[in-house]
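The values are calculated or read from the model by the stated rules, or taken from the named source; none is laboratory data. Owing to the predicted nature of the structure, the values given are computational and were not obtained by experimental measurement. Positions of Cβ are generated from backbone atoms using ideal geometry, with glycine treated the same way; all protein chains shown enter the neighbour counts.
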Amino acid sequence: MKIIDELGYRILRWLRPASEFRDEGEPRFSYVPKLKRIIGDRGWESLRDKTILDFGCGIGVGCIEMAQQDARRVIGLDIRPEVLEVARRSAEKAGVPETCTFSHSIDEPVDVIVSVDAFEHFDDPAAILREMERLLKDDGFVLLSFGPTWYHPHGGHLFSIFPWSHLIFSEKAQIRWRSEFKTDGATRFSEVAGGLNGMTIKRFQRLIDESGFRLESFRAVPIRPLAWAHNRLTREFTTAVVQCKLVKLAARH
């Protein structure tokens, strides 16, 4: 195994030397199209009078966007103090500091929980679902959009230097290669900035089945060039994004 790790490391180093990488910071993207694909235009309008929790808010771009769309209140939750500070400054600059609040913890119940492009990064996603269940009102719902999933051609994020390369090289070789341009001391995928939990579609559905939620809607969005081959047998390798709406099991009664 050491020989395989060493060979993999040398190949990665040759393919993508450390000099090619630079820190591009926290990603910025719009929540509106992602959430509208789950609940539609009418559903988006219904968020305006809600208290919304953004689970894994990052630098708060989505929170600010929802506040500007007249949400009653938006709470951004993240465990990283440095991104929360950026989020607070951004909300102040955008003129929504009273609508948006940011914290590493929360105890009050909310109407809606939103999680966009975060579920594949949570270290313990089962615990996250339990926390979401605790914080959500009984008549509330969760909107989840995340991807790429683990078997996507670029499911390894930074580690996918070519399609599915994160599945070819050993974790040890890839982490060693990463250490040449990242200095956080990570020794596993789960320890890198943002974290990677290897989330597959099958694992996600199993986690929901074992949680206090049920899927009210679910869509595995195909990768456009591979849409012709996308079906239940191939979707682990041909899905771009998972989009779904969760409600509490108790909501059925």
Inside the range 160-193, can you point out the residues that are surrounded by fewer than 18 Cβ atoms within 10 Å (Cβ to Cβ), at negative phi and among the aromatic types (F, W, Y)?
F162, F181
Search the range 236-251 for residues that are on the phi > 0 side of the Ramachandran plot and pair each with any residue that is part of a helix (DSSP H, G or I) and not hydrophobic (A, V, I, L, M, F, W, C) when their beta-carbon atoms are under 8 Å apart and the residues are at least 6 apart or on different chains.
none
Only one of G58, G76, G95, G8 is more than 23 Å from the chain's Cα centre (by Cα) and crowded, with 20+ Cβ neighbours inside 10 Å; which?
G8
Could you please find all residues in the range 82-109 being over 15 Å from A67 (Cα atoms) and either aromatic (F, W, Y) or out of contact with any Asp or Glu (no Cβ under 8 Å at 6 or more places or on another chain) (or both)?
E82, E85, S103, S105, I106, D107, E108, P109
Counted residues, the range 164-186 - those being β-branched (V, I, T) and modelled with pLDDT of 95 or more
2
For the range 140-167, the count of residues that are closer than 21 Å to A229 by Cα, part of a helix (DSSP H, G or I) and touching a helix residue (DSSP H, G or I) at 6+ places or on another chain (Cβ under 6 Å) equals 0
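Any idea how many residues of the range 71-87 are more than 25 Å from R134 (Cα to Cα) and either in contact with a Gly (Cβ under 8 Å, 6 or more places away or on another chain) or part of a loop (DSSP other than H, G, I, E, B) (or both)?
Let us first name the residues in the range 71-87 that are more than 25 Å from R134 (Cα to Cα), namely 82, 85-86.
Of the ones still in play, those that are also either in contact with a Gly (Cβ under 8 Å, 6 or more places away or on another chain) or part of a loop (DSSP other than H, G, I, E, B) (or both) are 86.
The number of residues fulfilling the criteria is 1.
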Of the conditions (1) over 22 Å from G155 (Cβ atoms); (2) of a type in the set (D, E); (3) buried (at least 22 other Cβ atoms within 10 Å of the Cβ), E82 clears all except one; give me its number.
(3)
Considering L207, L196, which residue is out of contact with any Pro (no Cβ under 9 Å at 6 or more places or on another chain), of a type in the set (A, V, I, L, M), touching a residue at least 24 places away in the same chain (Cβ under 8 Å) and surrounded by 15 or more Cβ atoms within 10 Å (Cβ to Cβ)?
L196
With the first residue restricted to the range 76-89 and required to be of a type in the set (D, E), and the second required to be surrounded by 13 or more Cβ atoms within 10 Å (Cβ to Cβ), Cβ contacts under 7 Å at 6 or more apart or on different chains are D78/G56; D78/C57; D78/G58; D78/L84
Looking at the range 30-41, can you tell me whether even one residue there is crowded, with 22+ Cβ neighbours inside 10 Å, out of contact with any Leu (no Cβ under 8 Å at 6 or more places or on another chain) and of a type in the set (V, I, T)?
no
